[in-house]
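The values are calculated or read from the model by the stated rules, or taken from the named source; none is laboratory data. Not measured: the values here are computed from a predicted model. A quick note on method: Cβ atoms are made from the backbone with ideal geometry, for glycine too, and the neighbour counts reach across all protein chains shown.
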Amino acid sequence: MIEVLKSKLHRVVVTEANLDYMGSITIDEALLEAAGMIAGEKVQIVDNNNGERLETYIIKGERNSGCICLNGAAARKVQVGDILIIISYALMDFEEAKHFEPKVVFPKSGNKL
C-alpha cells in the first residue's frame, strides 16, 4: 500500500478563523462534493501566504457559502484572506495507484465553483 493524493482544493481563500472552537476546518459543502471529500476526513492544509502546514479534519459548511474557516488552534496559523491548498490522501495498492486520477478543484473568486 502507498499513500497518494486523493483530492485537492487548490487556492481557496480563508473566510474565517475561529479560535473559540474545538478544532478542524469548516469547508463549503459544494466544494467538498466537487473534490470528493467528506466530513470527518483528515486533510493537510498548506498556507501559501506564510508557509504553515497542518493537519486536521473536515466539518461540512453551508452549501455555496464559500466558507473556509479554520477552527481552534489552527485559527492561529492563518489570517482571513490567506490562500490555502487543502489536500487529502488515500492508501491504495501500488498497481491501483498507477492508474488513479485524483480530483483537483480550482475554485473561482469567493471560493465558488
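Kindly evaluate residue 66 against the criterion of being in a loop (DSSP other than H, G, I, E, B) and out of contact with any Asp or Glu (no Cβ under 8 Å at 6 or more places or on another chain).
Against the criterion (in a loop (DSSP other than H, G, I, E, B) and out of contact with any Asp or Glu (no Cβ under 8 Å at 6 or more places or on another chain)), residue 66 does not qualify.
Please determine whether any residue of region 31-38 is within 14 Å of residue 6 (Cβ to Cβ), touching a Phe, Trp or Tyr at 6+ places or on another chain (Cβ under 6 Å), modelled with pLDDT of 95 or more and exposed (fewer than 15 other Cβ atoms within 10 Å of the Cβ).
Within region 31-38, not a single residue is within 14 Å of residue 6 (Cβ to Cβ), touching a Phe, Trp or Tyr at 6+ places or on another chain (Cβ under 6 Å), modelled with pLDDT of 95 or more and exposed (fewer than 15 other Cβ atoms within 10 Å of the Cβ).
Please go through region 54-113 and pick out each residue that is among the polar types (S, T, N, Q) and out of contact with any Lys or Arg (no Cβ under 6 Å at 6 or more places or on another chain).
56, 64, 65, 71, 79, 109, 111
So that you can scan it fast, the table gives a plain yes or no per residue for (1) closer than 21 Å to residue 40 by Cα; (2) part of a loop (DSSP other than H, G, I, E, B); (3) modelled with pLDDT under 95; (4) of a type in the set (S, T, N, Q):
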| residue | (1), (2), (3), (4) |
| --- | --- |
| 60 | yes, no, no, no |
| 75 | yes, no, no, no |
| 81 | no, yes, no, no |
| 89 | yes, no, no, no |
| 104 | yes, no, no, no |
| 110 | no, no, no, no |
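Restricting to region 12-23, what's the tally of residues that are more than 13 Å from residue 78 (Cβ to Cβ) and either aromatic (Phe, Trp, Tyr) or within 10 Å of the chain's Cα centre (by Cα) (or both)?
Counting residues in region 12-23 that are more than 13 Å from residue 78 (Cβ to Cβ) and either aromatic (Phe, Trp, Tyr) or within 10 Å of the chain's Cα centre (by Cα) (or both) gives 1.
For region 40-60, enumerate the residues that are polar (S, T, N, Q) and within 10 Å of the chain's Cα centre (by Cα).
Within region 40-60, 44, 56 meet the criteria.
Kindly evaluate residue 64 against the criterion of being over 11 Å from residue 14 (Cα atoms), over 11 Å from the mean Cα position of the chain (by Cα) and modelled with pLDDT of 95 or more.
yes
Is it fair to say residue 44 is touching a residue at least 40 places away in the same chain (Cβ under 8 Å), surrounded by fewer than 16 Cβ atoms within 10 Å (Cβ to Cβ) and in a strand (DSSP E or B)?
The answer is yes for residue 44.
Kindly evaluate residue 7 against the criterion of being touching a Gly at 6+ places or on another chain (Cβ under 7 Å) and surrounded by 12 or more Cβ atoms within 10 Å (Cβ to Cβ).
So residue 7 fits the description; yes.
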